[in-house]
Amino acid sequence: MGLIYYWYGYLIIGSILLIGKAVSCRLAGIYHHHYQIGYSPKLFHIKLWGVTISIGIVIPFPGLFKIFEVHDEGLKKVRPIWMRREHSYLKRLFGISGGAFLIYLAALALNAFVHYNTQHTYISSDDVNANGIFVDSIGHELGFRNGDKILEINGQAYERFTDIKKSLLIDNARDFTVLRNDTVMKLSVTNEDAITDVFTNNARIFSPITIVYPFEIDEVKAGGYADDAGLIKGDQMVSINSDTILYFNDFSKCLKSFANSSVTIGIKRSTSDNILYRNITVSPNGTIGIYLKQSLPTTAEKKSIIQSLNAGNRYIAAYARQLKIIFSAHDESMKVGGFKSIGSLFPEQFHFARIISLMLLSYFCLLIIPTPVSDTRYLIALTIDQFIKLPQKAGKWIGWIVFLPLILIANAIDIIKVFF
């Protein structure tokens, strides 16, 4: 299914890019009177905006999709826009930029449509702070601790739990007001390497404590290990093998460590004043056949059109942050993920339209940095060509000339750090 998504994405992105460049070039007057899409023989032709377009045998795969100019002497490769020196610099600049501009508009529109028509729910800051947060290893490196209640971000109140991670990664928030063990304290995040690890490892940092100690059983699976051991709905689990574990994340990890063996669970039951102990077998995947009562409600909301449109720009800002990491002096920089890992910052259901919208947004980001496959290489070639006449193949290798030094500089800084 993933390959099909990528293939559809390639078709959609390629079509939008082609249409954008075609429209901008036609408006700028940079065009040939007759084009052929695909290989000979010609199957049919149409006329659009004064241009004849012949359709041949089209192979919709990267490297095999071709467009030719039709001349009296036969088919010729389409001359790059930046090489059409008979037109002004501004006209060629407009022609090159049309594809990226339409990709941007299409990405914003599709993402806004998906965003606007999606049912959104969130956990409010007030609800999170009722129990606090559970912190993973990277969150611990940043200075947060289990049970922390984050009151303010950079001195400002916040509305929802996901705002914490977004503020830290996208808005570069570094100052947090935290309630820890009934004491209000200021926490300054200074470990930039740990922040980078959030991107490179797609780490959660922290999660809201949705199940509080003692862990109350909401349902017992019939015929499961807990049912066999006599656990019932309403029982409150207080210990494993006589060890009191206050956070359910740790409780769950402890259970998994006893997979395929048995543990002694201490429980409180409304009918008894004493702690009851039950010997329970743990399944191979670390479960015992119970569902626990969760204490945090979620709030539903409907995004406005403006908020939905701005969602795409927020995604681009997150992607720009990842691209910055690629060129930073960090030994994990090349592990930065693609649209899926960025999308995790904005948790939504991943359906086809959502995936395509994220692919469009990601591709737009790649179009505006100088890489061997982006349109920025043509803008650079066009600008240099105003002073030094470049060969036609310059548009292909100029991306490497700009891109490789950036990577080499980033790695050189890492080497300097090792020895100095």
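Tabulated results
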| item | result |
| --- | --- |
| Segments 189-198, 354-363, 252-261 sorted - mean Cβ within 10 Å per residue, highest first | 354-363, 189-198, 252-261 |
| Cα Rg, Dmax, the chain, angstrom units | 28.7, 98 |
| Using a Förster distance of 25 Å, the FRET efficiency for residue 59-residue 390 (Cβ separation, nearest 0.05) | 0.25 |
| Peptides ranked, highest mean first, by Cβ atoms within 10 Å: ranges 207-216, 34-43 | 207-216, 34-43 |
| Modelled FRET efficiency - R0 30 Å, residue 353 with residue 159, Cβ distances, 0.05 increments | 0.70 |
| Hits among lysines - C-alpha to C-alpha of residue 221 under 27 Å, sequence gap 8 or more where chains match | 233, 253, 256, 268, 293 |
| In Hz, Karplus ³J(HN,Hα) per residue of the range 70-87 (6.51, -1.76, 1.60; θ = phi - 60°; x = Gly, Pro) | 9, 10, 4, 8, x, 8, 10, 5, 5, 5, x, 4, 5, 8, 7, 5, 5, 10 |
| Which of 212, 226, 258, positive extreme of dipole for the range 212-283 (C-beta unit charges) | 258 |
| 222 nm mean residue ellipticity, helices alone, for the chain (DSSP H n ≥ 4; -39,500 (n - 2.57); rounded to 500) | -13500 deg cm²/dmol |
| FRET efficiency, residue 228 to residue 373 (Cβ-Cβ, R0 60 Å, nearest 0.05) | 0.55 |
| Lys, Arg +1 and Asp, Glu -1 on Cβ, resulting dipole of the range 1-104 about Cα centre, debye, nearest 20 | 220 |
| Sorted largest first, extent of the range 2-101 alpha carbons per principal axis (Å) | 43, 33, 22 |
| Residue exposure sequence - 371, 376 - by fewest surrounding Cβ within 10 Å | 371, 376 |
| Magnitude of the charge dipole, the chain, Cβ model with Lys/Arg +1 and Asp/Glu -1, debye to 20 | 2080 |
| Values of log10 I(q)/I(0), in the order q = 0.12, 0.16, 0.17 Å⁻¹, for the range 60-198 under a Debye, Cα-only, solvent-free model | -0.71, -0.92, -0.99 |
| Ellipsoid semi-axes in whole angstrom, largest first, where each is sqrt(5λ) of the Cα gyration tensor of the range 173-291 | 35, 19, 11 |
| Spin-label pair residue 52/residue 4, simplified geometry with 7 Å Cα→Cβ offset, distance in nm | 4.0 |
| Net length gained if the chain between residue 181 and residue 43 were fully extended (0.36 nm per residue, minus Cα distance) | 42.1 nm |
| Coarse-grained scattering of the range 121-210 at q = 0.10, 0.12, 0.14 Å⁻¹, given as base-10 log I(q)/I(0) from a Debye sum over alpha-carbon atoms | -0.21, -0.30, -0.42 |
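Readers should treat all values here as calculations from the given coordinates under stated rules, not as data from a laboratory. Everything quoted here is computed from the prediction, not taken from an experiment. Glycine gets a Cβ as well: all are built from the backbone with ideal geometry, and neighbour counts include every protein chain shown.
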